[in-house]
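The values are calculated or read from the model by the stated rules, or taken from the named source; none is laboratory data. What you see is a predicted model, and the numbers here were worked out from it, not measured in a lab. Heads up, the Cβs are rebuilt from the backbone with ideal geometry, glycines too, and the neighbour counts pull from every protein chain shown. Only protein heavy atoms, including side chains, enter the accessible area calculation; ligands, DNA and RNA are left aside. Shrake-Rupley method; radii C 1.70, N 1.55, O 1.52, S 1.80 Å.
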Amino acid sequence: MTADPVQALLDASPKRSCDLGNGEALTYRIFNAHNATNPNAIKLLFIPGYSTDATTLGGPEMALAFPDDHYVVAVNPRGYAGSTFHDPIDNHEGNADDLKLFLDKMNLTDVVAMGWSTGGGAAAWLAIKYPEVVRAAIMMNAIPLDGYRLPGVDTFDKVKDFVDAAFTPGIHSPDPAKFYDSIAPMVLGLASVDDATMQRFHEAAAAHVNRAHAQWANVTFNVTPVQTPTTAPSAALRDLKVPLIVLHGAEDLCCPTAQCRAVTQLGIAEKWAPDDLLSYYEHEGGHAPNMIPDETESFFRTYRTALEEQVLTNGKTEAKENSEAKADSSSPVTAQ
């Protein structure tokens, strides 16, 4: 019996592929399958971060943390970890369209879509466009609501040059493993991880084939009425019909906390989304809090609080009051 609980879960949950019917196929794994018939289980759709694999990094940890009431489907968008990338897309709205096809093929509705980092953009658009299959969306340590900032990088060609310079030499070097070790702190949150997790990250990063397109999707993501260097103001949040929860880390240096907190709290205060459907919660950790042992307690506690207040509560009075209190606060918000 392996001493690595994630590996044991992976061994029991084979990686599969779903043909979307549009020329693309997405890889996925199902965890906690024993909860498939549990009427009270949360159906969590886990979407990965940049250069990672939802089925080996993030998704398993969510399943292990909530074995009794979570049915976890971890899925990789186009270009990630074995998912095809025949017809390139470079925006998170397109990723959400693929995910809707995936949910239809899997006969899944009423999901809580959790997008980590880059995946947060797809989760947000999935909630905005397809509320008939989404119960709520959670942007976990994700790109800000008004997009990711790469100073001076405002065209796709510049993004491609940036990504090529950052990744291509290392990937094709005589020792690519050394390169993956060097970028892991950036992707996983400037924290050390165990050897097994690092190996899973190596494999995921090596299989990511749409780096420039994914980064351009981050840069051009904007669902707010804020003008950015690369996007016009958007009214997308006005179309929300289900909760959108921004769940961020106080120590996140990959998706800077200050920007994510500020734009979300501004959106709450100015009611960019109807019916108090936009909320903000802050845990104490960094960018990959469900994989870093010192950060898991704060993250899972805050996640559970957000879930109970915004998704599981029948009456929204308490959630509404909490959202208003968070929007009015000038200090970092940490849900306890």
Here are some residues: 123, 74, 142, 113. Which one is crowded, with 24+ Cβ neighbours inside 10 Å, touching a residue at least 24 places away in the same chain (Cβ under 8 Å) and touching a Pro at 6+ places or on another chain (Cβ under 9 Å)? 74
For the stretch 41-52, how many residues are at pLDDT 95 or above and open to solvent by 20 Å² or more (accessible area, probe 1.4 Å)? 1
Could you give every pair whose Cβ atoms fall below 7 Å, whose first residue belongs to the stretch 11-33 and is on the phi > 0 side of the Ramachandran plot, and whose second residue is surrounded by fewer than 18 Cβ atoms within 10 Å (Cβ to Cβ) and at pLDDT 95 or above, counting only separations of at least 6 or pairs across chains? 21/101; 23/86; 23/87; 32/67
Long-range neighbours under 6 Å by Cβ, at least six apart or interchain, first residue of a type outside the set (D, E, K, R) within the stretch 146-163, second part of a helix (DSSP H, G or I) and open to solvent by 60 Å² or more (accessible area, probe 1.4 Å): 153/162
Would you point out the residue of the stretch 210-244, among those that are among the hydrophobic types (A, V, I, L, M, F, W, C) and more than 24 Å from residue 51 (Cβ to Cβ), that is nearest to the chain's Cα centre (by Cα)? 244
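For every residue, the table says whether it meets (1) open to solvent by less than 40 Å² (accessible area, probe 1.4 Å); (2) touching a helix residue (DSSP H, G or I) at 6+ places or on another chain (Cβ under 9 Å).
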site: 196; (1), (2): yes, yes
site: 209; (1), (2): no, no
site: 224; (1), (2): yes, yes
site: 238; (1), (2): no, yes
So residue 57 fits all but one of (1) open to solvent by 20 Å² or more (accessible area, probe 1.4 Å); (2) out of contact with any strand residue (DSSP E or B) (no Cβ under 8 Å at 6 or more places or on another chain); what number is the exception? (1)
For the stretch 170-194: of the residues being hydrophobic (A, V, I, L, M, F, W, C) and under 25 Å from residue 126 (Cβ atoms), which is surrounded by the fewest Cβ atoms within 10 Å (Cβ to Cβ)? 187
